[in-house]
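Notes to accompany the following structure.
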Amino acid sequence: MMAVRRGRLFIISAPSGAGKTTLCRATLKRLKDMLYSVSYTTRSPRKGEQDGVDYHFISKEGFRAGIKTGRWSEWAEVHGNYYGTSAEFIEKGLSSGRDTLLDIDVQGTIQILKRHPDSVTIFVLPPSMDTLRQRLEMRGTESETVLKRRLENAKKEMAQQNLYRHLIVNDQLSSAIEELISIIQGYRL
Ligand code: ADP
Ligand code: 5GP
């Protein structure tokens, strides 16, 4: 029997509002054989978000139980909520040879790199802090308090961008999408 090539993890991080959800969606539409790891979170769904598609929405109790049983490949508390990646999902995908895209924060990336050091890490930057604020305001999904917290966290996240192998500035959306796809395709030849 031929050995199946293991899949590879592509990790994308960015401060909230930089556009990583938009970029991931566009990329997945184009690279149809790529898997997307739908994270588990205790935050409430935003308008339009679907359970099982954008996130698996889960209770705090359920999440904590998962920490005890080793259900998460990585997990972190971000902006006051828990977020985690299913270890089972990742393992199944990789062992069947599927490349998998993860949209996780810096704390999660550090944990994944310990388990999967050959993961490809990509950090998305906004053109400026002003633009980041404008995008968050335009999206209109956060209260002023939550928005402030996200902007404060953004500075801390941006300070850790040197942990990542690739940087993309998301100024013109179409160029940023092309850059992301070409980075991924470069590893898949
Ligand atoms: P994140 O997932 O990083 O929090 P989103 O993908 O939700 O960010 O993007 C935040 C907001 O900015 C959304 O309203 C999105 O439509 C918008 N946006 C994303 N990329 C760009 C871009 N290059 N130019 C202008 N607006 C953008
Ligand atoms: P949001 O609430 O805007 O969807 O996501 C907030 C932050 O949590 C983003 O930086 C996002 O990348 C991160 N995040 C989403 N899912 C996970 C996950 O499974 N693990 C970790 N560590 N962070 C995640």
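The values are calculated or read from the model by the stated rules, or taken from the named source; none is laboratory data. It should be emphasised that the depicted structure is a prediction, and the values quoted were computed from it without experimental measurement. Please note: Cβ atoms are built from the backbone with ideal geometry, for glycine as well, and neighbour counts cover all protein chains shown. In case anyone asks, the SASA skips ligands and DNA or RNA and just uses the protein heavy atoms, side chains included. Shrake-Rupley method; radii C 1.70, N 1.55, O 1.52, S 1.80 Å.
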Can you find, among SER37, TYR82, THR69, the residue sitting farthest towards the positive end of the charge dipole of segment 1-95, where Lys and Arg contribute +1 and Asp and Glu -1 at Cβ? SER37
Virtual spin-label span in nm between LYS32 and ALA3, 7 Å along Cα→Cβ: 3.1
If you take all C-alpha pairs in the chain, what percent of them are over 19 Å apart? 59
Calculated from backbone phi, Karplus (6.51, -1.76, 1.60) coupling profile of segment 127-140 in Hz, x at Gly/Pro: x, 6, 5, 5, 5, 4, 4, 4, 5, 5, 5, 4, 4, x
For a quick check, take a GNM of the chain with Cα springs below 10 Å and name the residue from GLN111, GLN161, GLN172 with the largest mean-square fluctuation. GLN172
Ordering VAL169, VAL124 by the accessible surface of their heavy atoms, 1.4 Å probe, largest first, yields VAL169, VAL124
Restricting to Cα pairs under 8 Å and 6 or more apart, the percent relative contact order of the chain works out to 33
Under a point spin-label approximation (7 Å from Cα along Cα-to-Cβ), what is the ARG64-THR131 distance to one decimal in nm? 4.2
For segment 9-188, accessible area per residue (1.4 Å probe, heavy atoms of protein chains only), Å²: 51
Positive end of the dipole of the chain, charges at C-beta (+1 Lys, Arg; -1 Asp, Glu), about the Cα centre: which of THR22, ILE122, VAL146 has its Cα farthest in that direction? ILE122
Under 13 Å Cα-Cα from LYS156, which aspartates and glutamates qualify once same-chain neighbours fewer than 8 residues away are excluded? ASP105
Report, ordered by chain and residue number, the lysines lying within cross-link reach of LYS29, taken as a straight Cα distance under 23 Å and ignoring same-chain residues fewer than 8 apart. LYS20, LYS47, LYS92
Can you give the accessible area of VAL4, probe radius 1.4 Å, in Å² rounded to 10? 90
Which residue fluctuates the most in the chain, going by a Gaussian network model with Cα springs under 10 Å, if the choices are MET129, MET34, MET138? MET138
With a sphere of radius 13 Å drawn around the Cβ of ARG149, what net charge do the other residues whose Cβ falls strictly inside it have (Lys, Arg +1; Asp, Glu -1)? +1
Quick check on the chain: helices-only [θ] at 222 nm, where DSSP H runs of length 4 and up contribute -39,500 (n - 2.57) each and the sum goes over total residues. Nearest 500, please. -13500 deg cm²/dmol
Out of GLU179, GLU61, GLU137, a Gaussian network model of the chain with alpha-carbon springs under 10 Å gives the largest mean-square fluctuation to GLU61
